[in-house]
Amino acid sequence: MSSEDKGGDLTDDPSDENAGEDVYLTGQLLVAMPTMGDPRFERTVIYMCAHSADGAMGLVVNKEANEIDFPELLSQLEIETGDIKNPIPVLTGGPVETGRGFVLHSMDYSQDSTLKVTEDVGLTATVDILRAIAEGEGPAQSLLTLGYAGWSSGQLDNEIQANGWLNVSADASILFDEELGNKWDRAVRKVGIDPSFLSAEAGHA
């Protein structure tokens, strides 16, 4: 979903039939640890949309894209609508293809191009869903990101083994909550770890 590719979908991203197997993390949250070492992912929470032997793809769900808001994005994509009923925040989903938009949403909305991540969460990357959201006819819960995080085969597994990430089951209260500032803390607490301990250890990573 971009001004160049308004009908874009996710067919180029790793999401084969094995992505839902228990050995993989599709549908879970990745929580960046202080040992991550990559400033692009500092204190990020990532929802995993696809994870298989071929690679992985996820969306950062707690970093706002300060350079653009929802009405401006609609204008850039030449989406004409009346009063915007639901001006959802625009997030920075990751460093890959930052000109493309991805909407993560509840499964009360679906179209042919929607990738069903879990029974409750889908991913749609066409402008139709943006128009529906703006007109108040979109999914009950949604978030919009520009770009995504991607890993080649085995790359994410190696980062997890190096203690760069923790994984935790996703829930709607963390995933779709617009209180972005404390998502990382809440996700860490869900793992059973005191966030202040990790912050104190960050200087020793």
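All of the numbers you see were taken from the coordinates with simple rules; none came from a lab. Just so it is clear, the model here is predicted, and its values are computed rather than measured. A quick note on method: Cβ atoms are made from the backbone with ideal geometry, for glycine too, and the neighbour counts reach across all protein chains shown.
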Which residue pairs have Cβ atoms under 6 Å apart, sit 6 or more places apart or on different chains, and have a first residue in the range 141-168 that is on the phi > 0 side of the Ramachandran plot and a second that is in a strand (DSSP E or B) and surrounded by 16 or more Cβ atoms within 10 Å (Cβ to Cβ)?
Gly147/Glu97
Going through Leu123, Leu104, Leu130, Leu91 one at a time, which residue ends up being in contact with a Lys or Arg (Cβ under 7 Å, 6 or more places away or on another chain) and either surrounded by 14 or more Cβ atoms within 10 Å (Cβ to Cβ) or assigned to a loop (DSSP other than H, G, I, E, B) (or both)?
Leu91
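Which one of these is polar (S, T, N, Q), surrounded by 20 or more Cβ atoms within 10 Å (Cβ to Cβ) and in a loop (DSSP other than H, G, I, E, B): Asn86, Asn62, Asn66?
Only one candidate passes the filter, namely Asn62.
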Among all residue pairs at least 6 apart or on different chains, which show Cβ distances below 7 Å where the first residue, located in the range 177-193, is farther than 13 Å from Leu91 by Cβ and the second is assigned to a loop (DSSP other than H, G, I, E, B) and polar (S, T, N, Q)?
Trp184/Asn62
Considering only residues that are charged (D, E, K, R) and in a loop (DSSP other than H, G, I, E, B), which ones fall in the range 107-120?
Asp108, Asp112, Glu119, Asp120
